[in-house]
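First comes the structure, then the notes that go with it.
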Amino acid sequence: MTPSDVKATLSFSDGSPSIDLPLYKGSIGPDVIDIRKLYGQTGKFTYDPGFLSTASCQSTITYIDGDKGELLYRGYPIEQLATQCDFLDTCYLLLYGELPNEQKQKDFHKLVSEHTMVHEQMQFFLRGFRRDAHPMAVLTGLVGALSAFYHDSTDITNPTHRDIAAIRLIAKMPTLVAMAYKYGEGQPYVYPRNKLSYAGNFMRMMFATPCEDYEPNEVLVRAMDRIFILHADHEQNASTSTVRLCGSSGTNPFAAIAAGVACLWGPAHGGANEAALNMLEDIQRNGGVEKVGEFIKQVKDKNSSVKLMGFGHRVYKNYDPRAKLMRETCHEVLGALGLENDPLFKLAMSLEKIALEDEYFVARKLYPNVDFYSGIVQRAIGIPVSLFTAIFALARTVGWIAQLNEMIGDPEYKIGRPRQLFVGSERRDVPPLAQR
Ligand code: SDX
């Protein structure tokens, strides 16, 4: 970051001494005011629950321009990556900062393919769950459990450990997600087949059975790979910030990623794709497109607590570029499957049209986000709704790991420890029981 020649002067109306705070410029995006010395110089904290105006770190990985609806991974627009690269190229880019040339692409794909199996003991963790356990509960447990198997790559301060842990997590997440799915289905696990592509391998582990192999449909495999690319990273979102904060204590990368999986599960975050599809199915069940107006009325009624899931975003105040690409993928997949008239897709598009013309949404700059269409694509591919967020976690693992490694690789990083504005009881003495 570059020091700006502009200073921020903070003055107080009670005559307390004012202070000058340095400003720093990034390569693109808003400047930052460096408040690291604020408490030391003023005895005051800043206050920003939800971090609406707070930069928690400096990063070179992903940049979002919320007003333009632009998303860049290491400077490359998501539209170009999603159409000209595959997910493993994107992983390489997020981890190492550049797109691989042909040789590096081959080496990286081979390296990842050599780590797709999990230790045979891992399957015994699943047996402890009920068969109807939510896949995100299972995945949170399985990812954390990895730290019990890979003691040779848990020292986060060792760059070699960091690299191998990154490859292991990227390679094993599809295997773990497919195991969680098979366990719920009561079907045997399917081992990875390394000659297949990353997305093809995942879909075979999901849908093959001992009785029938699974011939991946290239359109569906491409769609799955694009879903992975679109979900790979997204600046300091809630789950990435969770991974950074968790990792800042020096815990092992598997534990930190497990914390990210747990955070992503929430319906305000990665759980929104499951919630969005359930929302569309509810509307469809209760009358479909004719009922959209009534549903939108509920959403606008503050007392209803009903939200249009898959809409709105903390950063995007324009169309989420990932939603546009996801909608295109919907067209491709539904077309390839002869489902062009899929009622849910039609319902989603009419819901989007009505919302984008409604003053409530326009005034609040609420647009479709990545979760609005992703469920329709996944459902068409045959992924059960309960697995949508687990697939989001599978894709986001590379972003979490890249961000974690960027933090740990920064000599200036410290353990994250926010302060608070205390509004509770002042000091008081414990009264005897009889007087309570
Ligand atoms: C992801 O951060 C990331 O980058 C996340 C993510 C990633 O890749 O990591 O992009 C993935 O999590 C996408 C978001 C998925 N979540 C949803 O689709 C759930 C529905 N969306 C909302 O819960 C909400 O929009 C958030 C949580 C996404 C953003 O919330 P903010 O930024 O805290 O905004 P807000 O809740 O303060 O909303 C501002 C106004 C409020 O109305 P007023 O109080 O001003 O009258 O907009 C309203 C909100 O009530 N609003 C919505 C709405 N989202 C916001 N009203 C109806 N439906 C919605 N979806």
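The values are calculated or read from the model by the stated rules, or taken from the named source; none is laboratory data. Computed from a prediction, not measured in an experiment: that's the story for all the values here. Every residue, glycine as well, gets a Cβ built from its backbone with ideal geometry; the counts of neighbours run over all protein chains shown.
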- Query: So how many residues does segment 307-323 have that are over 12 Å from R364 (Cα atoms) and more than 10 Å from the ligand (Cβ to nearest atom)?
  - Reply: 2
- F422 is checked against (1) under 30 Å from R36 (Cβ atoms); (2) in a helix (DSSP H, G or I); (3) more than 16 Å from the ligand (Cβ to nearest atom) and fails just one. What number does that condition carry? (2)
- Going through segment 259-306 one residue at a time, which ones are of a type in the set (V, I, T) and within 11 Å of the ligand (Cβ to nearest atom)? I296, V299, V306
- Scanning segment 328-357 for residues that are among the acidic types (D, E) and part of a helix (DSSP H, G or I) gives E328, E332, E352
- Note on segment 256-271: residues assigned to a helix (DSSP H, G or I) and out of contact with any Gly (no Cβ under 6 Å at 6 or more places or on another chain) are I257, A259, G260, V261, A262, C263
- Task: Restrict the check to segment 327-338 and report whether at least one residue is of a type in the set (K, R) and more than 10 Å from the ligand (Cβ to nearest atom).
- Result: yes
- Task: Give the residue, chosen from F12, F51, that is away from the ligand (no atom under 16 Å from the Cβ) and not acidic (D, E).
- Result: F12
- Find the residue count for segment 141-195, including only residues that are crowded, with 19+ Cβ neighbours inside 10 Å, at pLDDT 95 or above and not in a helix (DSSP H, G or I). 2
- Selection count where residues are in contact with a helix residue (DSSP H, G or I) (Cβ under 6 Å, 6 or more places away or on another chain), more than 21 Å from R396 (Cα to Cα) and in a helix (DSSP H, G or I), scope segment 196-219: 1
- Message: Please verify whether Y73 is within 18 Å of M326 (Cβ to Cβ) and among the aromatic types (F, W, Y), treating the condition exactly as stated.
- Response: yes
- Message: So, L325, is that one crowded, with 16+ Cβ neighbours inside 10 Å and not in a helix (DSSP H, G or I) or not?
- Response: no
- Query: Which pairs do you get when a residue that is at pLDDT 90 or above, found in segment 294-314, comes within reach of a residue that is near the ligand (Cβ under 6 Å from one of its atoms) and of a type in the set (V, I, T), reach meaning Cβ atoms under 9 angstrom, with the pair 6+ apart or on two chains?
  - Reply: V306/V299; K307/V299; L308/V299; G310/V370; F311/V299; H313/V370
- Message: Suppose we filter S4, S13, S59 for residues that are of a type outside the set (F, W, Y), under 21 Å from E412 (Cα atoms) and part of a loop (DSSP other than H, G, I, E, B); which single one remains?
- Response: S59
